Every structure is written in structure tokens, then in C-alpha cells.
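Scroll down for the structure; my scribbles are underneath it.
The values are calculated or read from the model by the stated rules, or taken from the named source; none is laboratory data. No experiment lies behind these values; they were computed from the predicted model shown. A quick note on method: Cβ atoms are made from the backbone with ideal geometry, for glycine too, and the neighbour counts reach across all protein chains shown. Keep in mind that these areas ignore ligands, DNA and RNA; they rest on the heavy atoms of the full protein, side chains included. Shrake-Rupley method; radii C 1.70, N 1.55, O 1.52, S 1.80 Å.
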Amino acid sequence: MAVATSDSILARSLITDRRSTNFGLKNEVCRGKVVPCRAGGKVKGKGKGRVEVKAAVQIGGLEEVKKAKEEMGLDVVSEEELREKGFLGMRKTKLVCTIGPACCSPQDLEKLALGGMNVARLNMCHNTRDWHRDVIKKINQLNEEKGFCVSVMIDTEGSQIHVLDHGAPSSVKAEEGSTWLFTAQKLEGSPPFTIQANYEGFSEGIEVGDELVIDGGMASFQVIEKVGNDLRCKCTDSGLFLPRAKFSFWRNGKLVARNSELPTLSKKDWADIEFGVSEGVDFIALSFVNDADPVRQLKNYLYMRSTRVLAKVESLESLQKLKEIVEASDGIMVARGDLGVEIPYEQIPTVQEEITRVCREMNKPVIVASQLLESMVEYPTPTRAEVADVSEAVRQYADALMLSGESAIGPYGQKALSILQMASSRMELWSREENRQSILHQRRLGVSLPDRIAEQICNCAVEMANNLGVDAIFVYTKHGQMASLLSRNRPYPPIFAFTSDNGTRMALNLQWGVIPLLVELSDDDMEANISTTIELIRRKGLLKPGDVVMVVSDLTPTHINSTAFQSIQVKTVV
Ligand SMILES: Nc1ncnc2c1ncn2[C@@H]1O[C@H](COP(=O)(O)OP(=O)(O)O)[C@@H](O)[C@H]1O
Ligand SMILES: C=C(OP(=O)(O)O)C(=O)O
Ligand SMILES: [K+]
Ligand SMILES: [Mg+2]
């Protein structure tokens, strides 16, 4: 163990602490001996006792960082937030906005970006590919020309049994006691009391007496007769058929498991995926994933690309196979809209809490989606219950929150975004004051020694960063793994993740507390990387003398003579 210190007490205390990990480890393991290394200044110590750790920020004699790269480094929104609120005031919870007709102009997109949108979501259920292409182009322009860092996600249509949208009146009312025919046969016009389903096999396995529920409770029917594949049903609870209304069937109070015969990835979905890949999108969210197979299939298809695959949990089957799905994917969306159709909606709160916990433990980002501020599709203020729902997702440490119709079609999208922003900052502050981070349980993830070292370094670094009250954590990452392992511990200070891979940068946009920066990094000179990046932030006037930065690095050797370098260093800016 090598320790950078001017205080031998620290070094000795590390020797006596058998649990201490690779602290400043430079591939030299020295048991029971203190081997002095570099010299240095002082770091103010807050938290548990004062420690003096080497401050080795060398500002002079650095290579000039290219102007263009410097500007690319930190996005304009994070920079502004940092100037205004300081390191600790930076928002940790990420925000996803669904883009639709109400917010697709360059001006509206820019306002959303300024308002803190980290990821723009395009729902391939709606609109044309040309429309989506145009939105992607505008977002790329904002990133390139105005210094934003907004990632793009496409969300597949997936396969689901729903009412066919034949352009007739947007909603039809069903009165209690009325009788309706549900059919998959092609209809001429819109015959009264007849509803067309999109899928021939919609009534397979359904029996007389079963209950047919529309949109998770909007209206209910009882099956009174089966005529071939058609179902004659009596309305038992009146309500509306909205466009593309969804079906679920119930027997003796239990959901009749279905949908599984439909492919998760339809022909249209593959075409949309191909479109997304050719447009260079950062995330593909897969609708109606029932097991890990389609996720693996898509990941194989994307082999060697940086596009990340998110699985949407929105069916009963996906809950039964949650762990294998989380394991196979790069992240999860708790798609509460359809989930509330497929399971009784009173189960959503506990299921959401469970999914967010599993994802954090398995180190996968998780988005909580749908109806967060639903009333704002129409009204300029949220209900207090909606604000409480948003805050609850933040308290559960979800990585990201998502707007759907609130931004896509609502007139108050920017305001809805600012409410997510304020509510999450508020709850993050409360969680910090209540020290809630300390009760997070961290399951062991890594199997191989290098993986376990990385994991332990990140766990310990966060504990230390919190105890010392450092201002920021700096991490250097190729594929985002170290940044993600730090984020998993939900630290108090923000994590500045430096990467030279743009795909990694855009993917890290979804992770709790991570500010991804694109910079050129050396493969084998970590000290140069550290001083270059500290200088980059300092030169922007964002780091002041006396600020304390924790630097976490994990450099894998690129050639035979270079050594692996894993370390936690605490540096005071001089
Ligand atoms: N690209 C788009 N073009 C037109 N309308 C859209 C688009 N994206 C979303 N919308 C509208 O916003 C609503 C909410 O979006 P979302 O939750 O993604 O879809 P859905 O309601 O189909 O699950 C949709 O019902 C649709 O009316
Ligand atoms: C996000 C969801 O999916 P979509 O909007 O595509 O139906 C959902 O069902 O909550
Ligand atoms: K979708
Ligand atoms: Mg859905």
C-alpha cells in the first residue's frame, strides 16, 4: 500500500486498519511498512478528525489544453449551475423530456436544455421518422454549436394489444350495461358498439366470465360470449376509449398473463432501431421487455457501438424476471403508464421502490417515468400529490425522472421541467441533511480481482469524500464503469467524470450525480490527466484555492511496461 501523506499518523492508521483498501496503490503492495513517496501541502480536514494529505496540484508547466476541447469539456448548463450554486448545490437527479409537437422548435428545445434536460426522449409510437430525424438534428446542433450536453433516446413502439386507432372520434364513451363487440376483423368505417383490436390473437385463452379492463381501469367489461375470435362484452364500469387504449384481462381478481406471444421487437421496431443507430442516438429504450432475450439480442446487434440499451419494465412478466433483465441491460425505465395497466396500480409504489433499489445495487441507472406531473398537461401548476410523487422517486435515489405528455403536448413543459428541477434539488438537500446516503446497502458486484478493487475503491472513496466534506470527486473513465460505481454510492459531492470517449460521455448523462466531461486523456500518464483536468476547471474560475477535490483513478495498463494504477487522492487547490 502506498500512501501520499506528510502525516505519518495517517500512514500508520492505514496499516492498522485491516479493512483499508488500495489507497494510492501504484502496484506496490507493502505490508506493515511505511514507504514515503511525494511531498506536499495541506488539505483542510472536515468530518472525522483532521488529516493532512498531500496536495500536489502542479499548475505551471502544463501542456496547453486546446481551446476547442476546453470548451467542449464542461457543458454550459453544468457550468452555470456550478457558478450559481457551488459544487454541493449541483442537481444530482437527471431529467428526461419526451419531445413532441409542443416542444420541437429549436427555441423550445433550447429552453428545455437550459432548464436542465439531460436526455431527450423520442417515442417512436408517434409521428414520422423524418420528424424524429429533424428533432435529433436540432439537438445535435444545440450540443455542437451552443455547448449543451443533451443525450438522445429513442423509445420503441413494442408489441401490445390495444384498440386500433382508425382516425375516428378521439374518444368513445361506454355506458354501464351496454353491450360491445371486440374484434380483430377489419371494419368498414366505425360501426357503433364495435371496437377493433390491433392483434388477431387478442382473445386467445380468454373465457366467458373474464373481465376486460381498459387502460388499467378507465372502463371495465365482462365477457358474455365468445364468437370465433371475437368477444361480446357487457360494460360493468362506464368510461372512455381513448386512442390506442390498452386491454388487460382478469380472472378471479388475477391478471391473465398475455402479450408473450407478441414479439418484443417487431419489424417496425427493428426499422426504428436501425434508424436510431444511423442517427447516432445514445439510448434505445425497449418497450414491453418480458425477459432478457430481446435485450441480449439488441446488445449483440449493437456490438462495439456505444449505444446503450434500456429495458422498460411495464409488464407482469418483466417483474417476474426483473433481475435477469436488469443484468442484461444498460439501464431500466420504470414505465408506470403501462405497468399500471398490467398490474393493479396500487402495487406501483412498492414495485417502483423495489426496482430502483435493485438497479442501484446492480449498478444500472434507473428512470422513473409516467404521470409524474400529469395534471400539468392541462394546468399550469402541479397537484401537491404529484410533487410528493416526484420527491418520493428522488428520495428513493432514482437516477432520472421523465416527463411524457407534460413536455410532448402540454403548454407548460418548461415549467414542468423546472418543477422537477426544484423538487429534486430540495429532496436531495433533505436526504443529505438526514444522512440518508449512509443507510444504502451495497451488494458486492465484482467477481474478478480488478473489478472488486475498482468497486472497493469507489465505495471507500465515497465514504471518505462524504466524511471529509470534499467539494468534488474527479474520476477518469473509458467506458464509464468507475464513474458509475461512484454514483452507485450516491455521494454528497458531484462526480466530474472525465472521458475521451463521446459515447461514454453521453451515456453518463443519465447517471445520478455524474457530470460527464469530454477531454483528451493520456492512456498511461494519470498524473498528467489529473493536473490537466484540475487546471481546466480552475482556469474557468470554477475551482478556487482551498477547494478540495478527491481524485479517483483506475488506469488499466495499455502496454507491457506500464503499471496498473488505482488510487484515491485528496488534493487541495493551491
Ligand atoms: N413525437 C410525437 N408526436 C406527436 N405526439 C407525441 C409525440 N410524442 C408524444 N406525443 C404525445 O404525447 C403523449 C405522451 O407521450 P408518451 O407518454 O410518450 O406516449 P403514450 O401516451 O403513447 O404512452 C402521447 O400520447 C402523444 O399524444
Ligand atoms: C413510458 C411508458 O411507455 P410509453 O409511453 O411508450 O407507453 C409507460 O408505459 O409508462
Ligand atoms: K413507446
Ligand atoms: Mg409503455
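Worth a mention:
- Yes/no for K137 being part of a strand (DSSP E or B), at pLDDT 90 or above and surrounded by fewer than 17 Cβ atoms within 10 Å (Cβ to Cβ): no
- Residue within segment 382-395 that is open to solvent by less than 40 Å² (accessible area, probe 1.4 Å) and more than 29 Å from F247 (Cα to Cα) present: yes
- Taken as a whole, the condition of being outside the structural domain of S487 (by TED's automatic domain parsing), part of a helix (DSSP H, G or I) and within 16 Å of ligand 2 (Cβ to nearest atom) applies to V341.
- L339 vs. criteria under 25 Å from G216 (Cα atoms), open to solvent by less than 30 Å² (accessible area, probe 1.4 Å), of a type in the set (A, V, I, L, M, F, W, C) and within 16 Å of ligand 3 (Cβ to nearest atom): yes
- Every listed requirement among (1) within 24 Å of the chain's Cα centre (by Cα); (2) at pLDDT 95 or above is met by S105 save one, (1).
- Among the residues of segment 209-254, just one is more than 16 Å from ligand 4 (Cβ to nearest atom), open to solvent by 10 Å² or more (accessible area, probe 1.4 Å) and touching a helix residue (DSSP H, G or I) at 6+ places or on another chain (Cβ under 6 Å), namely N229.
Each row is one residue, and each column tells you yes or no for (1) modelled with pLDDT under 95; (2) within 16 Å of ligand 4 (Cβ to nearest atom); (3) of a type in the set (A, V, I, L, M); (4) under 20 Å from C97 (Cβ atoms).
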{"site": "F283", "(1), (2), (3), (4)": "no, yes, no, yes"}
{"site": "K299", "(1), (2), (3), (4)": "no, no, no, no"}
{"site": "L302", "(1), (2), (3), (4)": "no, no, yes, no"}
{"site": "L310", "(1), (2), (3), (4)": "no, yes, yes, yes"}
{"site": "V313", "(1), (2), (3), (4)": "no, yes, yes, no"}
{"site": "L319", "(1), (2), (3), (4)": "no, yes, yes, no"}
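- Residue within segment 163-184 that is closer than 25 Å to E211 by Cα, within 16 Å of ligand 2 (Cβ to nearest atom), modelled with pLDDT under 95 and surrounded by 19 or more Cβ atoms within 10 Å (Cβ to Cβ) present: yes
- Segment 115-174, residues that are β-branched (V, I, T) and either within 11 Å of ligand 1 (Cβ to nearest atom) or within 22 Å of P294 (Cα to Cα) (or both): T128, V135, V152, I154, T156, I161
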